[in-house]
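The block underneath contains the structure these notes are about, expressed in structure tokens.
Just so you know, all these numbers are worked out from the coordinates, no wet-lab data involved. Nothing here was measured: the structure is a model prediction, and the numbers come from that model. Glycine also receives a Cβ, built like all others from the backbone with ideal geometry; neighbour counts cover every protein chain displayed.
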Amino acid sequence: MIEPLIDFTTAPDRYRHWTLDIDGSTAILTMAVDPAAGLRDDYELKTNSYDLGVDIELHDAVQRLRFEHPGVNVVVVTGGLDKIFCAGANIQMLAGASHGHKVNFCKFTNETRNGIEDATANSRQTWIAAVNGTAAGGGYELALACDEILLIDDKSSAVSLPEIPLLAVLPGTGGLTRVVEKRHVRRDLADAFSTRTEGIRGKTAVEWGLVDHIAPASTWDDLIAERIAARAAESDRPSGGAGIELSPLDRTMTDDSLAYTTVAVTIDRPTGSATFSIQAPEGAQPATGDELVAAGADAWMLRTVRELDDAILHLRFNETGIGTWVFRTAGESDAVAQAEAVLSADADHWAVRETRLFWARTLERLDVSARSLVTVVEPGSCFVGTLAELVLVADRSFMLEGSWEDLDDPPPPASIRLTEASLGWYPMPNALTRLRTRFWGRDDAYEKATAVVGKDLLANDATEAELVTFTPDDLDWEDELRITLEERNSFSPDALTGMEANYRFVGPETMKTKIFSRLSAWQNWIFQRPNAVGPDGALQRFGTGSRPDYDKNRV
Amino acid sequence: MAAVDINAKIPNNVDLAGDRRLQRALEQWQPKFVRWWEELGPAAFARNPVYLRTAIDVGQEGWANFGHVEMPDYRWGIFLSDREKDRKIAFGDHKGEDVWQEVPGEYRSDLRRLIVVQGDTEPASVEQQRKLSLTAPSLYDMRNLFQVNVEEGRHLWAMVYLLHGYFGRDGRDEADEMLERHSGDADNPRILGAFNEETPDWLSFFMFTYFTDRDGKYQLASLRESAFDPLSRTCEFMLKEEAHHMFVGASGVGRVVQRTAELIREHDTDDIHQYGGINLDVLQKYINFHYSVSLDLFGSETSTNAANYFASGLKGRFQEERRDDDHLLKSVYRTVPDWTESGIGAREVTQLAALNETLRDDYSEDCQKGVDRWNRALEEAGINFTFRLANTSFNRKVGTFRDHHMSPDGKPISDAEWEANMDRWLPSDSDRAHVLSLMTGVSEPGKMAGWVAPPSRGIHQKPVDYEYVRV
């Protein structure tokens, strides 16, 4: 099946499925999915069921709320249809989607849900789900991503995870994980809940811990208002003031390239690789949070991360055959350091905080991308601070030792420079920094690496500090890179995905690592099995009136 | 180093003077090689001028330059046969595509492994033969030994060139390790088992050059077919030199047979060991041993590695392009021997799976030719004895017959039968002791030890009594 090109850029005035109303410090995000506006035309998005297009708008709203509305401290997400909050992912859409698309879709949806939790926890923009009708499957999972769940007590609206009894798959967007890990629902109740098609209503839902508050229709609005007031009081966001408008991205796309203002991507199909090139800023960058707001989406730190994020999503969905991503940078190291300085100097400013959090989320996207990541450090590059995280995110990194000796006037050798950015700004899904993760269980090595923070490290120093993998000199350089890309391209992409996910996340499990590595591994397996996707499986039989026919053997 | 100097020091046709990477790699490796040669190369006459052939070019004129040279000053060079224009891959999944001038990343590890295994045998045999110069039966033979040794050295250079030129840092590390592994070193042995046994005497040396170097010929010939063009061209040139090694073996064994025949007639008895010769049955036992050990070097009857190498285009068959089949071998079949209780059975497998066996068949056929020549010499001398190659199931340590005793004519036998007959089929301790007792060095020009006949002619039109080694 040829999937249509998927574009992740949108804006509220183009939303088909959501409306965003701002009322002082409160935002109301209302879901009313247009059944005819699905990404493909072989399904209808009935009863507030969603596909990727719906989630792209949600993702856009989450981002804009953080940047464009500094004064908003509570976001209420609610349903815009009668008796229905959200019916979850559209089943016909899932039944007709390729396996790869399903996996990618789930991953992106998970990332958006994580972004909602991140907004609550770190942007202090608290999300409340006002579940004013039935929330089934992905619909309840959306509510689970919010910090509070209010459920209308109308004797019919229920929360449910009916994936197992109805569809023979898992609630794959963090549903079960959040039920037990975040809401601390007892395991036996979680079992009862997840196998009950009709779900749980009213008082029982509160008793089991599935929702926080209930109210009948008559006092429903009061409950919402009360909860908004309570949560707003906890926030440290500014009261009003100008936001940063996320203006449309300046993007040029060809068959084999993608060009923004500081980020460019070129695709090399024979080696199945894409090279990301990031250009250092030219000219002065904001030094304070207020200057950052004034510079808006043009500020290099924000512009770059927006472009990088969009490029990652584009490649993930639209270039699935490009299995290796190569990262390069070019420009003045000091210019990058100067641009980044504001993130440290004015750390309490809301816009600074948002910029950092954006980078953290985007770097996390790389951590969970099913691609081989290779970072290449050459003379003229600028892997400093935030950009140095691209060295640490890589599955393999190459740094040129020395310079281009054949040139009449060889440039100075490549260097990398760690900053404070690597010491806590950008946690991975395992809640550790990339540096901690790299040296898991090796405190000496961690100390050695942190001791060189702020220093320009040449290849030997970087090897000594264990920050790069290989440091060929100019004689071996081209060959080593070529062979690495060719070799990578010859391996099974499935095995590579498994291998990379296997070693990327050492250390403790977190809700995120469970969702991304454990749950998605199980879900992927289930999604491949005949019991779900075979001709007699649940996804195919759903809605046909005939029951699925399962192979009863436990595997 | 100036281009002229480097080309004089290391004769080559790979533009060494213009290749900075290769130069630097070789500059680091070459002193290690010289050190290795001095420590583990020939134990005696190491500093005597030897009448050696040196390749300074691949053409008719250049590849065989003769003159006296002290071995440590030998100019080990790097030569590839001329590039064949528009050469295409002749077999496997890439058949019909252009050959590769660079190593494809996908096959880097496999190609490196093939080159390392081949390369490792070259210095190994120098190490195995290092003490033989002490007991050379003539200056002519000593010179031949040294010629073989320096050429094995050059073959090492050829493989090191590929590792240095095409495999980056990994290649350089592997090149170093080829000098760090030593034949028979318990901690750091050579890769293939057969190359960890010392060559104890000159009869073994002749047998080794006849049988084991012939395995090398077939391995090189199948690598000569490789889609990786620099490997192909390297092996093609090595094959030229390998031919000399097999000449040393074929003529060496032939001269022993001739001398034995002379002694039999002179003393009118088959048992001439008391007259300082080697009995025909002992020669047969040495043939049995060296032939069977060399058969093992080809590997198991069926091999997925060999199939992968073929399908990927890394290693073909002997004279691949002359063969009349699809060169894919996935749907053509052949039988391979298979051990059964009642004897040698057969099972049918794809030719792709049976590449080792096919190469072994080619090898065996080639081995038979020398045996026929030796038999003709016996016949002409009026001696009623025929040398035979043992059945390929005999004395095998690799493949289907590995765990089973088989007689030289290919019958399954019991452990007891094997024990009772072993010394009739393979050199016994006393056979080896007798052969060893004959090994005394002869270093007067033109003189031969009593167990071997003189060659029919000398080297490069020089007389047999020429001072091939200045002692």
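Remark on the range A:198-282: hydrodynamic radius 19.0 angstrom, per the Kirkwood mean of 1/r across alpha carbon pairs.
Using the Kirkwood formula on the Cα atoms of the range A:166-312, what hydrodynamic radius do you get, in angstrom to one decimal?
Working: mean 1/r = 0.0481 Å⁻¹.
This gives a value of 20.8 Å.
For B:LYS369, the lysines whose Cα falls under 28 Å of its own Cα, not counting residues fewer than eight places away in the same chain, are B:LYS217, B:LYS240, B:LYS285, B:LYS315, B:LYS397, B:LYS411, B:LYS462. A Cα-only calculation for the range A:280-331 places Rg and Dmax at 14.4, 43 Å.
Let me have the relative contact order for chain A, percent, based on Cα pairs under 8 Å that are six or more residues apart. Please list the in-between numbers first.
Working: 1067 pairs, mean separation 65.0, N = 555.
That works out to 12 percent.
What the phi angles of the range B:344-352 give under the Karplus curve with 6.51, -1.76 and 1.60, with θ = phi - 60°, is a coupling list of 7, x, 9, 10, 9, 9, 5, 4, 4 Hz, glycine and proline written as x.
Averaged over peptide B:103-115, the number of partner chain Cβ atoms lying within 10 Å of each residue's Cβ comes to 3. Using the Cβ of B:VAL336 as centre and a radius below 11 Å, the other residues enclosed give a net charge of -2, where K and R count +1 and D and E count -1.
Taking amide H as placed 1.01 Å from N in the peptide plane, A:GLU148 has its amide H under 5 Å from the amide H of A:ALA129, each at least 5 places away in sequence or on another chain. Sorted from longest to shortest, the spans of the Cα atoms of the range A:249-353 along the three principal axes equal 45, 25, 20 Å. The Rg/Rh ratio of the range A:252-498, with Rg taken over Cα atoms and Rh as the Kirkwood radius over Cα pairs, comes to 0.95.
Based on alpha-carbon positions alone, could you give the equivalent ellipsoid semi-axes of chain A from the gyration tensor, as √(5λ), descending, whole Å?
On the way: eigenvalues 333, 156, 87 Å².
Output for chain A: semi-axes of 41, 28, 21 Å.
Computed over Cα pairs, the Kirkwood radius of the range A:12-232 leads via Stokes-Einstein (0.890 mPa s, 25 °C) to a diffusion coefficient of 143 µm² per second. What shape does the range B:374-471 have by the C-alpha gyration tensor, where a ≥ b ≥ c are the square roots of the eigenvalues, rounded means a/c under 1.5, and otherwise prolate means a/b greater than b/c and oblate the rest? It comes out prolate by the Cα gyration axes. Treating each Cα of the range B:182-234 as an identical point scatterer and summing with the Debye formula, the log10 of I(q)/I(0) at q = 0.15, 0.25 Å⁻¹ comes to -0.59, -0.92. Take every Cα pair under 8 Å whose residues are at least 6 apart in sequence, average their separation, divide by the length of the range A:91-246, and the relative contact order is 22 percent.
Going by average Cβ density within 10 Å per residue, which order do the peptides A:477-486, A:447-456, A:340-349 take, highest to lowest? Don't skip to the answer; put the middle values down first.
Details: A:477-486: 20.0, A:447-456: 14.9, A:340-349: 17.4.
Ranking, from highest mean packing down: A:477-486, A:340-349, A:447-456.
Computed over the alpha-carbon atoms, the range B:3-438 gives an Rg to Rh ratio of 0.97, Rh here being the Kirkwood radius from the mean inverse distance.
Enter the per residue convex hull volume of the range A:426-555, computed from alpha-carbon coordinates, in Å³ rounded to the nearest integer.
Value for the range A:426-555: 172 Å³ per residue.
Here the Karplus curve 6.51 cos²θ - 1.76 cosθ + 1.60, taken at θ = phi - 60°, turns the phi angles of the range B:155-163 into couplings of 5, 4, 4, 5, 6, 5, 4, 5, 5 Hz, with x standing for Gly and Pro.
Counting Cβ atoms of other protein chains within 10 Å of each residue's Cβ and taking the mean over peptide A:469-475 gives 3. Note on A:485-497: average number of Cβ atoms from other chains within 10 Å of each residue's Cβ is 2.
Excluding residues fewer than 8 places away in the same chain, name every one of the aspartates and glutamates whose C-alpha is closer than 12 Å to that of A:LYS203. Answer for A:LYS203, where 12 Å is the Cα cut-off: A:ASP153, A:ASP154, A:ASP212, listed by chain and number. Using every pair of separate Cα atoms, the Kirkwood estimate puts the hydrodynamic radius of the range B:295-452 at 18.8 angstrom. When you work out D = kT/(6 pi eta Rh) for the range B:262-387 at 25 °C and 0.890 mPa s, using the Kirkwood radius from C-alpha pairs as Rh and the Stokes-Einstein form, the result is 140 µm²/s. Sparsely packed loop sites in the range A:356-439 (the GluC sites (Glu not before Pro) outside DSSP H, G, I, E and B with at most 10 other Cβ atoms within 10 Å) comprise A:GLU405.
Grab the other residues whose beta carbon is less than 11 angstrom from that of B:ASP187, score K and R as +1, D and E as -1, and report the net. Don't jump to the answer; show the numbers that get you there.
Details: positive: B:ARG181; negative: B:GLU180, B:ASP185.
Taking every other residue near B:ASP187 into account, the sum is -1.
Sequence-ordered 3J(HN,Hα) estimates for the range B:301-316 from the Karplus curve with 6.51, -1.76 and 1.60 and θ = phi - 60° stand at 4, 10, 8, 6, 4, 4, 4, 4, 4, 5, 4, 7, x, 7, 8, x Hz, glycine and proline given as x.
So for the protein assembly as shown, Kirkwood radius off the Cα pairs, Stokes-Einstein at 10 °C and 1.306 mPa s: how many µm² s⁻¹? Before the final figure, lay out each step's value.
Details: Rh = 34.2 Å.
Calculated translational D: 46 µm²/s.
Per the Debye formula on identical point scatterers at the alpha carbon atoms of the range B:201-327, with no solvent, log10 I(q)/I(0) at q = 0.22 Å⁻¹ is -1.22.
How charged is the neighbourhood of A:CYS382? Take every other residue with its Cβ under 12 Å from the Cβ of A:CYS382, and add Lys/Arg as +1 and Asp/Glu as -1. Working shown, then result.
Values: positive: A:ARG328, A:ARG417; negative: A:GLU282, A:GLU332, A:ASP334, A:GLU340, A:GLU378, A:ASP456.
Neighbour charge sum, excluding A:CYS382 itself: -4.
For chain B, what's the relative contact order in percent, using C-alpha pairs closer than 8 Å and at least 6 residues apart? Each step should come with its number before you reach the end.
Details: 795 pairs, mean separation 88.6, N = 471.
Reported relative contact order: 19 percent.
Which residues make up the longest stretch of chain B that has no GluC sites (Glu not before Pro) in a DSSP loop with at most 10 other Cβ atoms within 10 Å? The reported range is B:62-340. When its C-alpha radius of gyration is set against 2.2 N^0.38 Å (N residues), the range B:85-240 gives a value of 1.12. For a straight C-alpha distance cut-off of 24 angstrom, the lysines reachable from A:LYS46 (same-chain residues fewer than eight places away being disregarded) are A:LYS83, A:LYS102, A:LYS107, A:LYS155.
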